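Below is one structure, written out as structure tokens; comments come after it.
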Amino acid sequence: MLSLCYRSWYRTLCTNKAPVCHAAIPCISRAPMYNPVQPISATCSANARVDRDDTYVKYRKSERKEYIRGSSVFSAGAAKTRSYRNKDLLGSKLSAPRSKDGKIALPSEPLSVDGWDKLKLQYERDENFENHVMDQMISKNTNIDIAKSLLSYVAVKNGDVVYKLLLKYLVLCVQQKQTQEIYDVYDIMTVKFDTFDTGAYSLFIKGLSETDRWREAITSLEMLKKAGTPSARNYGECIKGAIEKREDELAWTLYDEMLERQLAPPEDAIQSLFNADQDLQDEAFRTRLFGVLTYFREHQIYPGQPLMKTIKSWFEKSPNETWKGQLTKITDNGHCHSCKEQLESIHLTPEEYDTLKKAVIDSVIKGEDTFRKTTPEELHSFLKFVDSHPPYDIVVDGLNVAYLSRNNPLSTPLLNVVSCLAKTGKRILVLGRKHMLVPSKRWLKEDILHLQECADCFFLDNISLDDPFLLYACLNSGSHCCFITSDLLRDHKACLPSTEIRRLFFKWQRGHQLVLPFYSRGNVHLRPIQTYDTILQNTAGSWHIPYDESWIERASFEVPKTWLCLKKIA
């Protein structure tokens with residue numbers, strides 16, 4: 001707690017009177033008495049000189065996760081599985097970076113001035129000693145009393161604690177939820193400094209939002225808006241604090257403002273809204289929560305497992321209705337294992353398909369797509385070629401398929417795959433490169449000739465990228481046409497003009513991309529295309545919510561395989 005002498009001094013300062021210099025309060029003219037574990041309020045003087053460094057270092061903890069194999073290139077965890085299979089990646093693991101200045105063994109208990117002086121002798125660069133030690137304390141989550149003793153030591157030696165070191169101490173306080181220390185640092189810094197950097201505001205928001213002084217977190221958010229752009233995390237912390245203090249109107253105002261800034265709501269903030277006290281959840285409040293679920297659907301957001309459980313509990317506690325929730329999976333033909341309902345199709349409506357086709361042609365083919373890499377002459381020749389042929393059933397990325405086998409000749413696996421597909425009566429277009437036409441050990445002349453008998457072929461310049469050509473040929477052929485490549489086309493998706501168009505592209509991609517997981521001579525083993533859309537969906541009597549399992553890391557182009565089925569019981 002703040003000492004009486006600090007309170008008296010602090011009140012004097014705030015009334016613009018000359019501060020009283022107490023023995024426990026360091027100031028420029030008089031060094032403080034040393035107490036290694038005294039409150040931070042007794043270590044840092046709010047009226048001492050300002051020696052400020054606005055650098056803010058963010059600290060993040062990494063945690064190891066387990067991964068499981070996905071059944072599709074778009075299934076959650078599939079990318080991580082592929083990275084484990086890649087021997088080059090496995091062979092190039094980097095060791096943790098070492099500190100340029102070396103490491104200092106942190107003390108196990110608070111030190112005196114002499115103790116810190118002795119430890120400082122082990123460090124070659126005196127000017128960075130305190131910051132380096134505090135960085136290590138944050139990394140190791142050191143006992144707060146040891147950190148206090150370091151600040152007391154600095155105050156004795158320098159007469160004050162500078163901005164940068166105070167900020168790092170604040171990181172440790174917030175990390176350990178040391179509420180009283182957070183209060184003290186906030187009080188000191190708001191008097192000593194007129195403004196803060198965005199990192200300090202973020203720390204105050206996080207540290208104060210769920211305390212009795214939570215409204216000062218809202219104040220910090222307002223100040224942060226003037227200093228920079230608040231993050232979704234900043235809004236989320238304030239929303240949690242408002243809900244905990246039963247200020248539901250403020251919480252929803254912050255939520256709306258966050259969406260206006262196009263920030264995705266953090267899961268823990270959404271969880272706090274669903275967990276709000278039942279007497280707050282009137283009809284209007286519950287309508288807002290249904291609006292959150294609609295937002296998830298429109299933006300293809302998947303709740304994590306903790307939020308999914310909260311949503312399940314919220315439905316099952318619904319007043320005047322009876323809901324039963326079960327964790328489930330979806331069959332290959334799109335039926336829920338639990339309630340047997342058919343989920344929405346992965347295929348686009350004719351209107352959606354036309355919208356996507358126009359956007360891809362305008363943005364990727366005709367637009368300034370930096371990933372296109374072709375010449376106007378080649379592009380014109382290709383468009384004329386495609387338009388002069390009947391629609392295709394399958395478009396094949398020739399090089400991608402050829403490299404399924406690393407053994408020479410590369411032309412053989414490509415020919416085997418295309419010939420097997422041609423036997424099914426499909427019209428096929430193979431996109432290749434001109435170097436494939438030059439006979440070599442890799443590209444056998446007889447293989448290429450047979451390839452041209454099985455399918456139409458278009459050979460691009462060697463420096464051209466074939467993805468845009470593949471997209472055009474497939475979309476131009478109609479909604480029935482699929483394509484074969486293991487490329488995920490993320491660069492071209494990023495070139496599309498809006499979130500809605502990118503969503504349509506991803507949906508179309510998952511419904512049309514055929515993947516060859518391995519090569520077997522004489523057989524083509526294609527992964528089946530998903531028939532249903534992985535998106536939150538509901539009917540009058542059911543909700544189906546795809547969610548992320550806690551132990552699986554999902555890339556942005558992947559979708560979860562696990563679902564929550566909520567069924568209304570009549």
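About the centre of its Cα atoms, region 342-436 shows a dipole size close to 580 debye [charges on the beta carbon of Lys, Arg (+1) and Asp, Glu (-1) only; nearest 20 debye].
For residue 75, nonlocal amide neighbours, meaning residues 5 or more places apart or on other chains whose placed amide H falls under 5 Å from its own, are 559. Averaging the sequence gap over all C-alpha pairs within less than 8 Å and six or more residues apart, then dividing by the number of residues, gives region 111-243 a relative contact order of 17 percent. Spin-label model, residue 326 to residue 441: label points 7 Å out along the Cα-to-beta-carbon direction sit 6.0 nm apart.
Applying the criteria of a DSSP loop state and at most 16 other Cβ atoms within 10 Å to the trypsin sites (Lys or Arg not before Pro) of region 158-211 yields 177. The HN-Hα couplings worked out from phi for region 223-237 by the Karplus form 6.51 cos²θ - 1.76 cosθ + 1.60 (θ = phi - 60°) are 5, 5, 4, 7, 8, x, 10, x, 8, 4, 5, 4, 4, x, 4 Hz, whole numbers, x standing for Gly and Pro. Specify which residue in the list 390, 409, 422 is farthest towards the positive end of the charge dipole of region 384-442, using unit charges on the beta carbon of Lys, Arg (+1) and Asp, Glu (-1), about the Cα centre. Looking along the dipole axis, the top candidate is 409. Prolate is the label for region 123-252, because the ratio a/c of its alpha-carbon gyration tensor axes (a ≥ b ≥ c) is 1.5 or higher and a/b is greater than b/c. For region 387-425 versus region 446-461, the spacing of their alpha-carbon centroids is 9 Å.
Between residue 288 and residue 136, the simple label model (points 7 Å from Cα in the Cβ direction) yields a spacing of 4.8 nm. Spacing of the modelled spin labels on residue 313 and residue 105, each 7 Å from Cα toward Cβ, amounts to 4.6 nm. A cut-off of 5 Å between modelled amide H atoms, ignoring neighbours fewer than 5 places along the same chain, links residue 433 with 460. Counted over region 422-531, the DSSP beta bridges are approximately 10% antiparallel.
Please work out whether region 484-553 counts as rounded, prolate or oblate from its C-alpha gyration tensor, where a ≥ b ≥ c are the square roots of the eigenvalues and a/c under 1.5 means rounded, while otherwise a/b larger than b/c means prolate and anything else oblate? Oblate, because a/c is 1.5 or more while a/b does not exceed b/c.
With a cut-off of at most 16 other beta carbons within 10 Å, and DSSP calling the residue loop, which chymotrypsin sites (Phe, Trp or Tyr not before Pro) in region 371-424 qualify? Please list them. Sparse-neighbourhood loop chymotrypsin sites (Phe, Trp or Tyr not before Pro): 371, 403. Couplings 3J(HN,Hα) of region 177-192, computed from phi: 6, 7, 4, 5, 5, 4, 4, 5, 4, 4, 4, 5, 5, 5, 8, 6 Hz, in residue order, whole Hz [Karplus 6.51 cos²θ - 1.76 cosθ + 1.60, θ = phi - 60°; x for Gly and Pro].
Subtracting the Cα-Cα distance of residue 342 and residue 354 from their residue separation scaled by 0.36 nm leaves 1.8 nm. A cut-off of 5 Å between modelled amide H atoms, ignoring neighbours fewer than 5 places along the same chain, links residue 345 with 533.
Charges were assigned to the Cβ only: +1 to each Lys and Arg, -1 to each Asp and Glu. The resulting dipole of region 502-570 about its Cα centre is roughly 220 debye.
Placing +1 on the Cβ of every Lys and Arg and -1 on the Cβ of every Asp and Glu, with no other charges, gives region 106-227 a dipole of roughly 280 debye about its Cα centre.
Based on the alpha-carbon gyration tensor of region 195-249 and its eigenvalue square roots a ≥ b ≥ c, which shape applies: rounded if a/c is under 1.5, prolate if not and a/b is larger than b/c, or oblate? Judged from the Cα gyration tensor, region 195-249 comes out prolate (a/c at least 1.5, a/b above b/c). Cα centroids of region 464-527 and region 294-334: 30 Å apart.
Computed on protein heavy atoms with a 1.4 Å probe, the accessible areas place 379, 496 in the order 379, 496, largest first.
The values are calculated or read from the model by the stated rules, or taken from the named source; none is laboratory data. Since the model is a prediction, treat every value here as computed from it, not as a measurement. Glycine gets a Cβ as well: all are built from the backbone with ideal geometry, and neighbour counts include every protein chain shown. Note: areas computed on protein heavy atoms with side chains; ligands, DNA, RNA excluded. Shrake-Rupley method; radii C 1.70, N 1.55, O 1.52, S 1.80 Å.
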